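Peer 1: My questions all concern the structure below.
The values are calculated or read from the model by the stated rules, or taken from the named source; none is laboratory data. Bear in mind the structure is a predicted one, so any value in this text is a computation, not a measurement. Here Cβ is always computed from backbone atoms with ideal geometry, including for glycine, and neighbour counts include all displayed protein chains. Surface areas here come from the heavy atoms of the whole protein model, side chains and all, with no ligands, DNA or RNA. Shrake-Rupley method; radii C 1.70, N 1.55, O 1.52, S 1.80 Å.
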Amino acid sequence: MTDDDFIDLRSDTVTRPSEAMREAAATAEVGDDVYRDDPTVNELERRAADAVGTEAALYVPSGTMANQIAVRVHTDPGQELLLDRESHLYRWELAGAATLSGVQTRLVDAGARCVPSADRVRSETVTEDLHRPGTGLLALENTHNYRGGTAVPADRIAAAAEAAHESEIPVHLDGARVFNAAVALGVDASDIVAPVDSVAFCLSKGLGAPVGSILAGEAAFIEEARRVRKLFGGGMRQAGIIAAPGLLALESVDRLADDHANAERLAAGLDAIAGVDAPEPDTNIVVDDTEALDIAAADLVAACEDAGVGCVEFDTHTTRFTTHRDVDAADIDAAVDRVAAVVGDL
Ligand SMILES: *Cc1c(COP(=O)(O)O)cnc(C)c1O
């Protein structure tokens, strides 16, 4: 199998920068961003804030750092962080909230809603007293990665946020793929972000930039976030080199619809394989279930890799496939054929 022939659906982070992005990087005007002298980073932060309708934004190396900075700024050590048990912030960030911010997580099972209901937020909120730590932050996620790239409607985000705000608890949105949600729901990203106090989103996923994420919110929050970014080792110097492709990424929101169409095509193809269950996706993430065939996800992933399809294990019998700019409909059809052959052999 040549590298060229490998259809990599492990994640939308695998895209390589376009020629235009490489050109933008090569010619970017730069300065020392820790001194706030990098005009390209400054421009990216302005445009990123505009894109989600916030006062200000901060360019950071990764989505994980954006989330962890938000937790640190919004909370005090010893408080609780309330979030869905399947959220990225809880599952895949190395207990960063505990180690970097000293907060205790309180998990709710948000189920198919993906965000807890207003009543659930109220009942899980802890008021600080002599024995109880107090809730410092509610964190939500949209699209919801582990629950299958679900595009969560803005009113559901608003209801949870309003319930938290009743108790003066701030709300952070892990919107790593918030533009996928906006495109799928046919709304502006700012409509999804309006009810929350901060949002993190990735430039390096479906938007195709090689590096970087954005943390956005009110100006005072972003000032504090800038200090925490330095503390966490994320102060970068001539970062305009990597921010320049990020500016082009911000202009590629509309193309996410292609990824969604390809994901739908992929899910339909996988679901048509006897014994494989692949529900129709909201966005660019397809999750298949092979429990009926008694095929473990780990075995499927390994066999798919040998057959030239990249995917990742999600749970014992569920596997994730993610569409992105570097795959087209023909690749999707080829991937389905290869997975069908693999399933037949296992
Ligand atoms: C990818 C992702 C992140 C983290 O982004 P990195 O840039 O990989 O650190 C955070 N939250 C969600 C929902 C993600 O999908």
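Peer 1: How large are Rg and Dmax for the range 1-89 when only the alpha carbon atoms are used, in Å?
Peer 2: For the range 1-89, the Cα radius of gyration and maximum Cα-Cα distance read 18.0, 52 Å.
Peer 1: Right, another one. Where does the range 169-281 land on Rg/Rh, using Cα atoms and the Kirkwood Rh?
Peer 2: Radius of gyration over Kirkwood radius for the range 169-281 works out to 1.07.
Peer 1: Right, next: What is the dipole size for the chain, taken about its Cα centre, with +1 at each Lys and Arg Cβ and -1 at each Asp and Glu Cβ, in debye to the nearest 20?
Peer 2: Once rounded to the nearest 20, the dipole reads 1080 debye.
Peer 1: Further question: By what distance, in whole Å, do the Cα atoms of the range 261-317 stretch along each of the three principal axes, largest value first?
Peer 2: The principal-axis extents, from largest down, are 27, 23, 18 Å.
Peer 1: Just to be sure I understand the model, the point goes 7 Å from the Cα along the line to the Cβ. What's the resulting residue 251 to residue 29 distance in nm?
Peer 2: According to this spin-label approximation, the distance is 1.6 nm.
Peer 1: Using the Cβ atoms and a cut-off under 11 Å, what net charge is assigned to the surroundings of residue 177, where Lys and Arg are +1 and Asp and Glu are -1? Mind showing how you got there, number by number?
Peer 2: Working: positive: 205; negative: 12, 141, 174, 259, 282.
Residues near residue 177 contribute -4 overall.
Peer 1: Follow-up question, since we're still on this one. Grab every C-alpha pair in the range 86-142, bin the distances at 10 angstrom width from 0 up to the longest one, and report whole percents.
Peer 2: 20, 51, 28, 1
Peer 1: Follow-up question, since we're still on this one. What is the distance in Å between the Cα centroid of the range 41-113 and that of the range 277-346?
Peer 2: 29 Å
Peer 1: What net charge is computed for the residues neighbouring residue 146, neighbours being all others with C-beta under 10 Å from the C-beta of residue 146, Lys and Arg scored +1, Asp and Glu -1?
Peer 2: Local charge sum for residue 146: 0.
Peer 1: How long is the chain along each principal axis, judged by its Cα atoms, biggest number first, in Å?
Peer 2: Principal-axis extents of the chain (Cα, largest first): 59, 53, 35 Å.
Peer 1: Over the range 228-346, with the other protein chains present, what is the accessible area per residue in square angstrom, probe 1.4 angstrom?
Peer 2: That works out to 42 Å² per residue.
Peer 1: If the only charges are +1 at each Lys and Arg Cβ and -1 at each Asp and Glu Cβ, what is the size of the charge dipole of the range 147-276 around the Cα centre, to the nearest 20 debye?
Peer 2: In total the dipole reaches around 700 debye.
Peer 1: Return the inverse of the average 1/r over all pairs of distinct C-alpha atoms in the range 279-346, which is the Kirkwood hydrodynamic radius, in Å to one decimal.
Peer 2: It is 12.2 Å.
Peer 1: Still on this structure, I have one more. So what are the radius of gyration and Dmax for the Cα set of the range 187-228, in Å?
Peer 2: Cα only, the range 187-228: 11.8, 33 Å (Rg, Dmax).
Peer 1: A follow-up question, please. With no solvent and one equal point scatterer placed on each C-alpha of the range 188-346, evaluate the Debye formula and give log10 I(q)/I(0) for q = 0.12, 0.21 Å⁻¹, two decimals.
Peer 2: Rounded to two decimals, the profile gives -0.67, -1.23.
Peer 1: I would also like to ask the following. So if R0 is 35 Å, what FRET efficiency would residue 13 and residue 315 give, r being the distance between their Cβ atoms, rounded to the nearest 0.05?
Peer 2: Efficiency, from the Cβ-Cβ distance: 0.95.
Peer 1: Here is a follow-up. How far apart, in nanometres, would the label points at residue 106 and residue 6 be if each is projected 7 angstrom from Cα along the Cα-to-Cβ direction?
Peer 2: Placing both labels 7 Å beyond Cα along the Cβ direction yields 4.5 nm.
Peer 1: Sticking with this structure for a sec: Between residue 330 and residue 190, what is the FRET efficiency for a Förster distance of 30 Å, r being their Cβ-Cβ separation, to the nearest 0.05?
Peer 2: It comes out at approximately 0.30.
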